[in-house]
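Q: After the structure tokens below, expect a handful of questions from me.
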Amino acid sequence: PSPGTLCRTKPTDLVFIIDSSRSVRPHEFEKIKVFVSRVIEALDVGPNATRVGLINYASAVRSEFSLHSHQGKAALLQAVRRIQPLSTGTMTGLAIQFAISRAFSAAEGGRGSAPGFKKVAIVVTDGRPQDGVQDVSARARAAGIEIFAIGVGRVDMGTLRQMASEPLDEHVDYVESYSVIEKLTHKFQEAFCVVSDLCATGDHDCEQVCVSTPGAYRCACRDGFSLNSDGRTCTACSGGLGSALDLVFLIDGSKSVRPENFELVKKFINQIVDSLEVSDKQAQVGLVQYSSSVRQEFPLGQFKNKKDIKAAVKKMSYMEKGTMTGQALKYLVDSSFSAINGARPGVPKVGIVFTDGRSQDYISDAAKKAKDSGFRMFAVGVGNAVEDELREIASEPVAEHYFYTADFRTISKIGKKLQMKICVEEDPCECKSIVKFQAKVEALINSLQQ
């Protein structure tokens, strides 16, 4: 995994118990195999890490591979691809009994007697078993096997609850059909993650500062240093005034935005302003509102400190008409970033465009011109905003420059993702304030959501 997404999985003996009875159609069975593969892909597989076995059952039980059959992930995934459905009855109890007596046994590669190894069974079924599962499941749990029960379609929920370990709400899952079983993948990837403080355990490779996140970490640097692109090491800054940045917000004030939402947008702009280093040598901020027409609220550099900028944002009144995004983008290119309006030559230019609806005019030319002029364009859409338009406004790589949320109340979450990658790549010290900005945004966003 890339640095910082270290999801160590606890050494586990994991056995999948898969129903391939008559009611499971061949194409549905393929979906189960995809789900199993996705879960395996997220594990630390290995003889001393996690071992995986798979039991396929219908009227009879077939061990497809046991815990010690495959040492590596590639071999496991290949083995999963080869499995064929049995297409007879549904003897779930029998399959669980097989897991207890055979699949988790030392002879089959189980490490149950050694301390520190978890035993986990994931049962996937769409039927009502033709035999009893209550007693055998209780025996399995008593033998230290943690059971997750996944039911599909017309499954009997009572049976799932008889099989699963406590707490039931964490161990019982239901999906309407096999076509959506994949949406459980993430849950199981998380379930096997050991959420430990990797900074505290020294299980990281940060040169200066390690910042813990659940089950992962990221590196940071002390003041006066900036993080290199490897995400690990730090370089000393020469203390230059390199954090210069011209940032212009382009805000949709059309009537669909609604007054209370307009307030949320203003709050959000101010959170971002808060985390910049504002001065005539560092960040300058400009603000433009548009609806049927375009209005410059204040140009770059008019306000020399955060307090004045934030006061001006709060005072901004709401235009409440149409949505001429194209016209607004044209204004940004032709006016906002011109020297006459306070833009500084040679300083990185960033535009953040907010909109909540489809533009009533044509945006392609202006959007292209903004990017061709070297401006870094971020597009933030809320509500009925059109994804294609956001993508057209956003700079490359597009995925990092456009954001969408259905609801204005979650707009603050976007800030977390708006990790301003505004830096001038050649010299990481150019973006001292931005590096700080990244660290602060997360805290700010969290407070906004309270």
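A short reminder: the numbers here are calculations on the coordinates, not readings from a lab. All values reported here derive from a predicted model rather than from experimental measurement. Don't worry about glycine lacking a Cβ; one is built from the backbone with ideal geometry, like all the others, and counts go over all protein chains shown.
Q: With no solvent and one point on each alpha carbon, what is the Debye value of log10 I(q)/I(0) for region 254-403 at q = 0.09, 0.13, 0.15 Å⁻¹?
A: -0.26, -0.55, -0.76
Q: With each pseudo-label sitting 7 Å past Cα toward Cβ, what's the ALA106-SER87 distance in nm, one decimal?
A: Going by the 7 Å Cα→Cβ label model, 4.2 nm.
Q: For region 127-198, which trypsin sites (Lys or Arg not before Pro) are both in a DSSP coil and crowded by at most 13 other Cβ atoms within 10 Å?
A: Here the trypsin sites (Lys or Arg not before Pro) that fit, given the DSSP loop and packing criteria, are ARG154.
Q: Do any trypsin sites (Lys or Arg not before Pro) in region 11-68 lie in a loop, going by DSSP, with at most 16 other beta-carbon atoms within 10 Å of their beta carbon, and if so which? Don't skip to the answer; put the middle values down first.
A: Numbers: sites: ARG22, LYS31, LYS33, ARG38, ARG51, ARG62; in loops: ARG22.
Answer by residue number: ARG22.
Q: Please provide three numbers in whole Å: the alpha-carbon extents of region 8-194 along the principal axes, with the largest listed first.
A: Projected onto its principal axes, the Cα set of region 8-194 covers 38, 32, 29 Å.
Q: Give, in nm to one decimal, the length gained when the segment between GLU190 and SER338 is fully stretched (0.36 nm per residue of separation minus the Cα-Cα distance). If you can, show how the numbers build up before the last one.
A: Numbers: separation 148, 0.36 × 148 = 53.28 nm, distance 4.90 nm.
Full extension from GLU190 to SER338 adds 48.4 nm.
Q: Taking the Cβ-Cβ separation of ASN48 and GLN130 as r and a Förster radius of 41 Å, what is the calculated FRET efficiency to the nearest 0.05?
A: Details: r = 39 Å, r/R0 = 0.95.
Using R0 = 41 Å, I get an efficiency of 0.55.
Q: Under the Kirkwood approximation applied to all pairs of distinct alpha-carbon atoms, what is the hydrodynamic radius of region 286-353 in Å?
A: 12.8
Q: Counting each pair of different Cα atoms once, what's the Kirkwood radius of region 47-139 in Å, rounded to one decimal?
A: Kirkwood radius, region 47-139: 14.1 Å.
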